Amino acid sequence: MLSLDDKLRDDMLKRYSNELQKLEHVLDSYIATKTIPSLNALLGEKMAYFLKKTQEAVITNFESLIPDSEKTSVMSAVYVKCEGDLHIGVLWYVLEEELKPLAEKLLEGYHLNEFDKIAISSISEIGNILTASIVNAIYDDKGCKMWASVPGFATESLNTLLEVVMADFGDQSDTVVISTVEFRGISSGIRLQMLLIQDPKESKRLIS
Amino acid sequence: MNRIAEVKMGGLEIVTGDMSELKTFVGSCVAICLFDIEVKIAAMAHVVLPKKTNCKPHTVEEERGKYADDAFAHMMSGMIKLGANPKRIQAKMAGGAAIFSHESETGLFNVGPRNISAIQQILKENDIPLISKDTGANFGRWVKFSLNSGKMIITSNLKKTEKII
């Protein structure tokens with residue numbers, strides 16, 4: 001027979017797990033209706049997406065979220081911080097070697113000899129536009145107003161990139177809710193990953 | 001064989017003895033190391049943020065190094081308990097990078113420079129000499145401190161560099 005403590009814990013886990021599922025469902029609808037059409041238009045091809053997981057993690061233990069295979073991989077990334085009614089962080093990243101083909105596709109086939117400012121600028125722009133698609137979806141759905149920062153670009157290990165992002169949330173919470181999404185070009189196979197980071201207290205507003 | 005204490009994000013470790021080393025990896029966070037080389041006592045904190053805010057009165061054991069002000073107090077008291085002399089304690093630090101472009105101009109994060117500045121201020125206020133540092137730039141660093149030599153070795157796998165301070 002379950003003790004009272006066990007029952008309470010089970011109830012809490014069930015409720016919490018339901019909340020994360022609901023949140024995932026809400027994000028899924030935002031991505032499907034807003035982000036994917038933007039991405040299709042930007043890249044000129046149909047993109048598929050896979051919302052891998054939504055989970056809560058202790059900020060100082062964020063490394064547990066990263067698969068071992070990706071921990072030391074060098075990624076090219078764009079981060080956009082959104083503030084206002086909600087604080088949301090969106091990290092867009094690709095493997096460093098996959099950045100050039102993605103940038104060339106964004107620049108409509110413009111051949112890049114090396115990774116120059118135009119490429120960085122185009123990747124930053126994609127981060128900006130796609131983040132705006134999510135911000136707009138949240139506004140349309142919940143009426144929450146946010147403004148987005150200038151996109152920051154970096155090439156670093158995923159560990160290092162995430163450490164900065166986690167520190168940014170550390171002032172307001174000890175944990176974060178992270179959703180992991182992968183986008184993939186149906187014909188080109190081009191890949192882009194997104195991490196959407198929220199304060200757990202605030203993420204409840206998206207499922208209310 | 002050397003005993004290596006790994007310091008996780010927001011963590012703090014204190015080691016004693018000739019063969020002890022402290023190790024961590026930092027991006028915008030700062031690895032601050034205090035040491036009394038004479039009695040071979042050293043502490044390292046992986047500082048995430050400059051200051052603890054009022055809404056967080058408690059510090060969990062695993063996060064004693066998270067905030068610069070809190071970390072400094074824990075490091076000093078822990079070292080003194082083990083026999084360190086506050087007058088002999090010195091400091092070295094590394095990290096505090098601005099990883100993303102435009103961080104400082106746009107206020108995107110700028111947490112690295114804020115961490116550096118907060119730690120320098122705390123050391124100054126407490127008369128702890130900062131012997132050397134390797135801070136800023138835009139890349140992550142592995143930081144290792146050897147209590148035997150008193151040296152801090154900083155390596156970047158991405159930039160393929162090694163620096164000893």
- line: Buried accessible area between B and A, both sides, 1.4 Å probe, in Å² rounded to 100, is 2300
- request: Quick one: what are the phi-derived ³J(HN,Hα) couplings along region A:153-160, Karplus 6.51/-1.76/1.60 with θ = phi - 60°, whole Hz, x for glycine and proline?
  value: 9, 7, 10, 7, 5, 4, 3, 5
- line: Counting sequence-distant residues (5 or more places) and residues on other chains, those with an amide H built under 5 Å from that of residue B:40 are none
- request: Amide H neighbours of residue B:20 under 5 Å, at least 5 residues apart or on other chains, H built in the peptide plane: list them.
  value: B:3, B:147, B:148
task: Can you tell me the relative contact order of chain A? Whole percent, Cα pairs under 8 Å, sequence separation 6 or more.
output: 33
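What accessible area per residue comes out for the protein assembly as shown, rounded to a whole number of Å², with a 1.4 Å probe? Don't jump to the answer; show the numbers that get you there.
Working: 17220 Å² over 373 residues.
Per residue, the protein assembly as shown has an accessible area of 46 Å².
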- request: Could you please state how large a percent of the accessible area of the protein assembly as shown is carbon and sulfur, counting protein chains only and using a 1.4 Å probe?
  value: 52
Label zone at residue A:141, where the point sits 7 Å out along the Cα-to-Cβ direction: region A:21-40 residues whose backbone N lies under 11 Å: A:22-35
query: In straight Cα distance, which aspartates and glutamates are under 18 Å from residue B:87, not counting same-chain residues fewer than 8 positions off?
result: B:36, B:38, B:125, B:127
- prompt: Other chains' Cβ within 10 Å of A:56-63 residues: what's the mean?
  reply: 4
field: Estimated FRET transfer efficiency when R0 is 25 angstrom, pair residue B:151-residue B:73 (beta carbons, to 0.05)
entry: 0.45
task: Among DSSP beta bridges whose residues both lie in chain B, state the antiparallel percentage, nearest 5.
output: 75
- request: Among the listed pairs B:40/B:151; B:23/B:151; A:142/A:201, give every one whose C-alpha distance is greater than 20 Å.
  value: none
query: For region B:38-48, what does the Karplus curve 6.51 cos²θ - 1.76 cosθ + 1.60, with θ = phi - 60°, yield as ³J(HN,Hα) per residue in whole Hz, taken in order and with x for Gly and Pro?
result: 5, 9, 6, 10, 9, 10, 10, 10, 9, 7, 9
- request: Rounded to whole Hz and in sequence order, give me ³J(HN,Hα) for region A:39-53 from the Karplus expression 6.51 cos²θ - 1.76 cosθ + 1.60, θ = phi - 60°, writing x for Gly and Pro.
  value: 5, 4, 5, 5, 9, x, 7, 6, 10, 9, 9, 9, 7, 6, 6
query: If one computes P(r) from the Cα atoms of region A:141-208, what percent of pairs lie at distances over 19 Å?
result: 50
query: For chain A, modelled as a Gaussian network with Cα springs under 10 Å, which listed residue fluctuates most, A:78, A:150, A:135?
result: A:150
message: Just to be sure I understand the model, the point goes 7 Å from the Cα along the line to the Cβ. What's the resulting residue A:53 to residue B:163 distance in nm?
response: 3.5
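List the equivalent ellipsoid semi-axes of region B:4-164 in whole Å, largest first, each obtained as the square root of 5λ for an eigenvalue λ of the Cα gyration tensor.
On the way: eigenvalues 111, 72, 35 Å².
Largest first, region B:4-164 gives 24, 19, 13 Å.
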message: Which entries of A:145/B:124; A:34/A:105; B:51/B:81; A:204/B:124; A:46/B:8 have Cα-Cα distances beyond 31 Å here?
response: A:145/B:124; A:204/B:124; A:46/B:8
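Could you sort A:108, A:202, B:125 by accessible area so the largest value comes first, with the probe set to 1.4 Å?
Numbers: A:108 170, A:202 45, B:125 125 Å².
I get A:108, B:125, A:202, largest accessible area first.
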- request: Enumerate the amide H contacts of residue B:157 below 5 Å, restricted to partners 5 or more residues apart or on another chain; note that Pro and chain-start residues carry no placed amide H.
  value: B:142
query: For the protein assembly as shown, what is the percent of antiparallel DSSP beta bridges, rounded to the nearest 5?
result: 90
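Ordering B:80, B:119 by accessible area with a probe of 1.4 Å, largest first, what comes out?
Values: B:80 75, B:119 10 Å².
I get B:80, B:119, largest accessible area first.
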query: Given R₀ = 25 Å, FRET efficiency for residue A:25-residue A:71 by Cβ-Cβ distance, to 0.05?
result: 0.30
- prompt: How high is the relative contact order of chain B, in percent, counting Cα pairs under 8 Å that sit 6 or more residues apart?
  reply: 26
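The values are calculated or read from the model by the stated rules, or taken from the named source; none is laboratory data. None of these values were measured; they are calculated from a predicted model. Cβ atoms come from the backbone with ideal geometry, glycine included; neighbour counts cover every protein chain shown. Heads up: the accessible areas ignore ligands, DNA and RNA and are worked out on the full protein's heavy atoms, side chains in. Shrake-Rupley method; radii C 1.70, N 1.55, O 1.52, S 1.80 Å.
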